[in-house]
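In what follows, a structure is listed as C-alpha cells, so that the remarks can point back to it.
Laboratory data are not the source of any read-out in this text; all were calculated from the coordinates shown. Every value quoted in this text rests on a predicted model; they were computed, and no experiment measured them. Backbone-built Cβ (ideal geometry, glycine too); neighbour counts: all protein chains shown.
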Amino acid sequence: MKSTVEQLSPTRVKINVEVPFDELKPNFDAAYRKIAQQVRVPGFRPGKVPARVLESRIGRAPVLDEVVNEAIPAKYIEAVRAGEVRTLGQPEFEVTKLEDREVLEFSAEVDVRPEIELPDLAGLEISVDDVETTDEEVAEQLDELRARFGTLTGVERAAQTGDFVSIDLSASVDGTAVEEASTTGLSYEIGSGQLVDGIDEAIVGASAGETKVFTTKLVAGEFAGQDAEVTVTVQSVKERELPEADDEFAQLASEFDTIDELREDLRTRLGRVKTMQQGVQARDKVLEILLERTEVPLPEKVLEAEIENRKHDAIHPFDHDEAQFAKALEAEGRTLDEFDAEVKEESEKAVRTQLLLDTIADKEKTSVNDGELTERIIYQAQRFGVSPDEYVQRAQQSGQLTAIYADVRRGKALASVVRGTTVKDESGAEVDLTELFGADEEAPAEETQVTEEAAATPAE
C-alpha cells in the first residue's frame, strides 16, 4: 500500500491511498464468506458456496462493493498511522480509481490538529479577589443550617416572603387550558423563584382561601413564549420557626459542643470555598491570556459538529420543535439569530481551548494514570446521580471513555500553566494555590473540579 498526505489548509488534509489487489485477498475472502451466508444455491449448504459459483450467480459487482466498503476504512487507518496524521472527526472518502484485479485508489479528506505555536508565558502574573469572610456571611450560613432544623407552623395571617404555602394552580392561554400548568396542593416557598414569574407578587398579602389572578409569559411547553392567565388559590399559610442559635443547637446540628465552635467551623468552610473560587478565577484568567496570545486555527468540520451538538442540547427539551424553542427564546427577550451567534462564539472558544490545551499537554508530555481517570469517573458519576459502574458502562456504549481521558489530560495541562503563574490578590499578597493545583508534578483531586469546565471535550 502507498499513501501520501496533501495539506489542504492548516486544519485539513487529503490522504491519497493506493492499494494493490493482492493486499485485498483477506477482504475478498471475508466478502465471499459473508455473501455466501446470504445467498442460497441449490446443491450447496449456506456459507459453503465456492467463490466462482457465487460470482457466476450474482456477478462480480456485489463482491467488489463489499470489499471496497470494508477495505477503505481499514486502509485509511493504516495510512493515518503511517503518516502520523493527527486526525479530528470523520473523514470524507472518495474512490478515485478502481481497476478490478489491479488496484484500488481512494482519497480521504479529514480535519487535523493544526500546528500551534505556544506563547512565552515566563513571568506571567495575574490578580484574583481577596479572601475575606465576614461575620454577616457566617451568620447567613448559620441561618441556613438552622433552617434545615426549622419547623413549619400554620398561621392565621396574610402570606409573606419566606412563608410556605399550599396552593392550587391553573392557567389558560386565550381561553385554552394549559394542562401541564395545573396542579393542586403544591407546596411552595414564597421568594424561592422556583415557579413562574409573577407568582410571588400575587401570593404575598393573600390569606388562606383567597384566589389571585395574574398574567405571566410561559417559557416551556406547547404555549412557550405566550402570555398565560394564571389563577392561584392559597389553601394554607405556614411560617418556618428556627431553633435558637445556642450550644444546644450546635450539639444537635454538628459534632461541636458550643455555638462558637460551630461558627468558627462555618468560617473555615467559607474560607475554603473562597479559596476554591480564587483557583477558578486564576484558571479562567490564565486560560483567557493563553487564548488571547495564541493563534489557533479552527478545523471547519469539528467546529460545525460542536455547534450542531450545542444546538441539539438546547432544543432537545422542546422535543426538537424549533417553533416552540423560538417562543421560549422570545420569552427570555432573545432571538434565534442572537442564539445562533452566541452558540457560534461559544463553540469557537471551546474548540480553540481543546486544541490549545492538547498542544500544551503534548509539549509537557502530560499523561493520565488510572487513579486520576478513576477520580474523574467517580466525580462525573456523582454529578449525574449514577453509580461509577453505570457511568463507565454508558461511556463505553457512547464511545466517550477516550473523551474523558482527554478531559483529564487537558485539565492537568492547564493546571501546569497555572502552577507556573504568579498569582496575587487585590491587596498585593501572593496567593498559594498549591492545595488546588499541586506543586510541580503533583495533581491533587481538587484540580479535577477546578479545571473541568475549561477542559470539556467538544463534539467530534
Run the quick spin-label model on Glu189 and Thr374: label points 7 Å from Cα toward the beta carbon, then report their separation in nm to one decimal. 3.8
Exposure proxy check on Leu401, Leu252, Leu433: fewest-to-most Cβ neighbours within 10 Å is Leu252, Leu401, Leu433
May I ask you to evaluate 6.51 cos²θ - 1.76 cosθ + 1.60, the Karplus curve with θ = phi - 60°, for each residue of region 156-162 and list the ³J(HN,Hα) values in order in whole Hz, giving x for glycine and proline? 9, 7, 6, 5, 10, 4, x
Taking the number of other C-beta atoms within 10 Å as the exposure measure, put Glu261, Glu84 in order starting with the fewest. Glu84, Glu261
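Within region 154-306, count lysine pairs with alpha carbon atoms under 30 angstrom apart where the residues are 8 or more positions apart or belong to different chains.
Close lysine pairs found across region 154-306: 4.
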Between 0 and 90 degrees, rounded to the nearest ten: what's the tilt of helix 388-398 against the longest Cα principal axis of the chain? 40
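How much space per residue, in cubic angstrom, does the convex hull of the C-alpha atoms of region 259-455 take up? Intermediate results must be reported in sequence, preceding the final value.
On the way: hull volume 39.9 nm³, N = 197.
Convex hull volume per residue, Cα atoms: 202 Å³.
With 10 angstrom as the radius, rank Ser107, Ser182, Ser367, Ser347 by how many other C-beta atoms surround their C-beta, starting from the fewest.
Ser367, Ser182, Ser107, Ser347
Where both partners of a DSSP beta bridge lie in the chain, what percent of those bridges are antiparallel, to the nearest 5?
On the way: 53 of 57 bridges.
For the chain, the DSSP antiparallel bridge percentage is about 95.
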P(r) of region 2-112 over all Cα-Cα pairs, binned every 10 Å from zero, in whole percent: 14, 40, 25, 15, 6, 1
Give the residue list of chymotrypsin sites (Phe, Trp or Tyr not before Pro) in region 87-186 that are DSSP loop and have at most 14 other beta-carbon atoms within 10 angstrom. Phe149
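Working from the alpha-carbon coordinates of region 152-241, get Rg over Rh, Rh being the Kirkwood radius. Let's see the in-between values first.
Working: Rg = 13.0 Å, Rh = 13.2 Å.
The Rg/Rh ratio comes out at 0.98.
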Over all Cα pairs of the chain, how is the pair count split among 10 Å bins, expressed in % and running from 0 up to the last occupied bin? 4, 13, 16, 20, 20, 13, 8, 5, 2, 0
For region 357-409 and region 85-152, compute the distance between their C-alpha centroids and round to whole Å. 12
Distance from region 1-76 to region 183-208 (C-alpha centre basis), Å: 67
For region 95-246, divide the Cα radius of gyration by the Kirkwood radius and give the resulting Rg/Rh value with two decimals. 1.39
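When only C-alpha pairs under 8 Å and at least 6 residues apart count, what is the relative contact order of the chain, in percent?
Computed value for the chain: 15 percent relative contact order.
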Quick one: how many lysine pairs in region 2-112 have C-alpha atoms under 21 angstrom apart, if they're 8 or more apart or on different chains? 13
When the distances between all Cα atoms of region 343-397 are binned every 10 Å from zero, what whole-number percent does each bin get? 20, 28, 41, 10
With each label point set 7 Å from Cα along the Cα-Cβ vector, what nm distance links Ser56 and Lys365? 6.3
I'd like the Karplus ³J(HN,Hα) series for region 407-419: coefficients 6.51, -1.76, 1.60, θ = phi - 60°, whole numbers in Hz, and an x wherever there's a Gly or Pro. 4, 4, 5, 5, x, 5, 5, 5, 4, 5, 6, 4, 4
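Just want to confirm a number: the relative contact order over region 213-345, from Cα pairs under 8 angstrom separated by 6+ residues, in percent.
On the way: 89 pairs, mean separation 42.2, N = 133.
Across region 213-345, relative contact order equals 32 percent.
So which trypsin sites (Lys or Arg not before Pro) in region 331-363 pass both tests, a DSSP loop state and at most 13 other Cβ atoms within 10 Å of the Cβ?
Details: sites: Arg334, Lys344, Lys349, Arg352, Lys363; in loops: Arg334.
Sparse-neighbourhood loop trypsin sites (Lys or Arg not before Pro): Arg334.
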Helix 322-331 sits off the longest principal axis of the Cα atoms of the chain, rounded to the nearest 10 on a 0 to 90 degree scale, by 30
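Can you tell me, using C-alpha contacts under 8 Å and at least 6 residues apart, the relative contact order of region 2-112 as a whole percent? Before the final figure, lay out the partial values.
On the way: 143 pairs, mean separation 40.8, N = 111.
Answer for region 2-112 is 37 percent.
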